[in-house]
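> Here it is: the structure, laid out below.
The numbers here are math on the coordinates, done by the rules we state, and not lab data. Predicted model only: the values in this text are computed from it and were never measured. Glycine gets a Cβ as well: all are built from the backbone with ideal geometry, and neighbour counts include every protein chain shown.
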Amino acid sequence: MSNIYEGRTTNEAIEKGLKELNVSRKQVDVKILESEDKRSFFNILTPRVVKVELIVKEGIEKSIKKEKIDISAESEIKAEENIRKFLDEFISKLPTNDLKYEIKNEKNDIFVDVKGEDTGYLIGYRGNVLNSLQVILNNIANNELNERARVLLNIGGYKEKREKDLKDLADKIAGTVIKKRKSITLEPMTSYERKIIHSKLQENSKVETHSIGEEPNRKIVVSLKK
């Protein structure tokens, strides 16, 4: 789970996020999206805005979801309006004319599903474009809201396909670890992808998993259970 927060300084943005998520600094990974240093002579008089992304570490997200208060119906409607306004304009400027989207609400979560004949360029390599669009949609949806909704974007059924591929990969890696009796470190993945691997291998009684490194290069290590 990740969210974007703003402040006049990096510390202010981080503290704002920690307070909203109700977590400690050790329970999140921080990614600076717009730092205090990126200011030129021409924008020195404009208000400083620092943006950070807080990514909740595995194992902590579940407890946060239980504690999180549902947003009001008014905020949910406003968030959906913000998304529709953006997507209508965004899609109208794309080279693909057959794209359509559907929005579904579930408590604090807003699911956006985009479908069409040619959606590959909106997904990108391993979903990198999709993930960036999801961050943008989260910022737009929560613009001028006191509460915060979470936007989950899916394009062309990518997430279902990716989930299946990751589960197959998890089984394959587990088999190799058991056979060779050596740990394997996977390539960097998003928190969403790592969660799929962790969950899948919890079913395996012979291996265990943990994550190492900092975002966006955080990786999963699969090893034999001690």
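> Taking just the alpha carbons, could you work out the radius of gyration and Dmax for region 126-226, both in angstroms?
Reported Rg and Dmax, both Å: 16.2, 54.
> Less than 14 Å apart at the alpha-carbon level, and either on another chain or at least 8 residues along: which aspartates and glutamates does that give for LYS179?
Counting by Cα, and skipping residues close in sequence, LYS179 has these aspartates and glutamates nearby: ASP171.
> Find the percent of Cα-Cα distances in the chain that exceed 22 Å, and round it to a whole number. Before the final figure, lay out each step's value.
Values: 15155 of 25425 pairs.
Above the 22 Å cut-off, the chain has 60 percent of its Cα pairs.
> Here is a further query. With n ≥ 4 as the cut-off for DSSP H runs, can you work out [θ] at 222 nm for the chain, using -39500 (n - 2.57) per run divided by the number of residues, rounded to the nearest 500? Walk me through the intermediate numbers first.
On the way: 7 runs with 91 residues, N = 226.
Using -39500 (n - 2.57) per qualifying helix, the result is -13000 deg cm²/dmol.
> Let me ask you something else. Which whole-number percent is the relative contact order of the chain (Cα, under 8 Å, 6+ apart)? Please report the intermediate quantities before stating the final value.
Values: 332 pairs, mean separation 36.2, N = 226.
Over the chain, the number comes to 16 percent.
> Roughly what % of DSSP beta bridges within region 73-156 run antiparallel, to the nearest 5? Provide the component values of the computation, followed by the final result.
Details: 7 of 13 bridges.
The answer is about 55 percent antiparallel.
> Moving to a separate point now. For a protection proxy built on the mean count of beta-carbon atoms within 10 angstrom, sort 106-113, 91-98 highest first, please. Can you show the working numbers first?
Values: 106-113: 16.0, 91-98: 10.5.
Taking the mean over residues of other Cβ atoms within 10 Å, the ranking is 106-113, 91-98.
> Hey, another quick one. Taking a threshold of 25 Å on the Cα-Cα distance, which of the pairs LYS104/LYS161; LYS172/LYS219; LYS100/LYS219 fall above it?
Details: LYS104/LYS161 20 Å; LYS172/LYS219 17 Å; LYS100/LYS219 34 Å.
Correct reply: LYS100/LYS219.
> If you average the C-alpha positions of region 89-161 and of region 170-226 separately, how far apart do those two centres end up, in angstrom?
If we compute the Cα centre of each part, the gap is 28 Å.
> Here's something else I'd like to know. Give the lysines whose C-alpha is closer than 22 Å to that of LYS51, dropping any in the same chain fewer than 8 places away, or say none.
Here the lysines satisfying the reach criterion relative to LYS51 are LYS16, LYS19, LYS26, LYS31, LYS38.
> If one takes the longest principal axis of the Cα atoms in the chain, at what angle in degrees, from 0 to 90 and to the nearest 10, does the Cα axis of helix 128-141 lie?
The two axes meet at around 40 degrees.
> In degrees, nearest 10, range 0 to 90: what is the angle between the Cα axis of helix 158-180 and the longest Cα principal axis of the chain?
Rounded to the nearest ten degrees, it is 30.
> For a quick protection proxy, order the peptides 120-128, 166-174, 134-142 by their average other-Cβ count within 10 Å, most packed first.
Numbers: 120-128: 15.2, 166-174: 16.8, 134-142: 19.6.
The densest-packed peptide leads the list: 134-142, 166-174, 120-128.
> Still on this structure, please answer the following. Relative to the longest principal Cα axis of the chain, at what angle does helix 191-201 sit, 0 to 90 degrees, rounded to 10?
30
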